[in-house]
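Worksheet for the structure shown next.
The values are calculated or read from the model by the stated rules, or taken from the named source; none is laboratory data. Note that the coordinates shown come from a computational prediction; the quantities given were computed from them, not determined experimentally. As a convention, Cβ positions derive from the backbone with ideal geometry for all residues, glycine included, and neighbour counts pool all protein chains shown.
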Amino acid sequence: MSLEQNPVIQKSLRRLRKLGLKVYLDAPSDDSLMVVVDPKSIIESVVRLVNNNITYNPHLVRYVPEKDTVVIAFWRGEKPGWVVKLESLSKM
């Protein structure tokens with residue numbers, strides 16, 4: 001059986017995919033396996049995990065590609081203009 005078909009490896013891959021990661025496999029031989037994770041899916045997963053773990057509302061979580069950062073916005077009352085601008089960034 002190749003390493004790729006190993007049940008423990010398959011379970012690990014399912015867990016990675018369940019996190020929202022896009023994984024690509026390369027098996028140069030039956031005894032080795034390379035897993036490559038799409039970087040955009042890493043960012044999307046982190047943004048989603050952060051968003052799901054914030055209990056204060058209202059809030060907004062966005063990735064800002066120009067700054068290569070994840071920004072978390074909190075506010076009270078009327079939504080500030082900078083949050084509106086942040087909101088207009090495409091959702092990752």
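Numerical summary
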{"item": "Extreme residue, farthest from the chain's Cα centre (by Cα), among residues of the stretch 33-88 that are on the phi < 0 side of the Ramachandran plot and among the small types (Gly, Ala, Ser)", "result": "GLY81"}
{"item": "Any hit, the stretch 19-27, residues being surrounded by 11 or more Cβ atoms within 10 Å (Cβ to Cβ), at pLDDT below 95 and over 20 Å from the mean Cα position of the chain (by Cα)", "result": "yes"}
{"item": "Failed condition for VAL8, given (1) outside any loop (DSSP other than H, G, I, E, B); (2) surrounded by fewer than 10 Cβ atoms within 10 Å (Cβ to Cβ); (3) at pLDDT below 95", "result": "(3)"}
{"item": "Unmet requirement for GLY20, which otherwise passes all of (1) assigned to a strand (DSSP E or B); (2) in contact (Cβ under 8 Å) with a residue 24 or more places away in the chain", "result": "(1)"}
{"item": "Some residue of the stretch 4-14 being touching a Leu at 6+ places or on another chain (Cβ under 8 Å) and closer than 25 Å to VAL64 by Cα", "result": "no"}
{"item": "Residue list for the stretch 9-35, restricted to those being charged (D, E, K, R) and more than 24 Å from ARG48 (Cα to Cα)", "result": "ASP26, ASP30, ASP31"}
{"item": "Filter pass, SER41 being exposed (fewer than 13 other Cβ atoms within 10 Å of the Cβ) and among the hydroxyl-bearing types (Ser, Thr, Tyr)", "result": "no"}
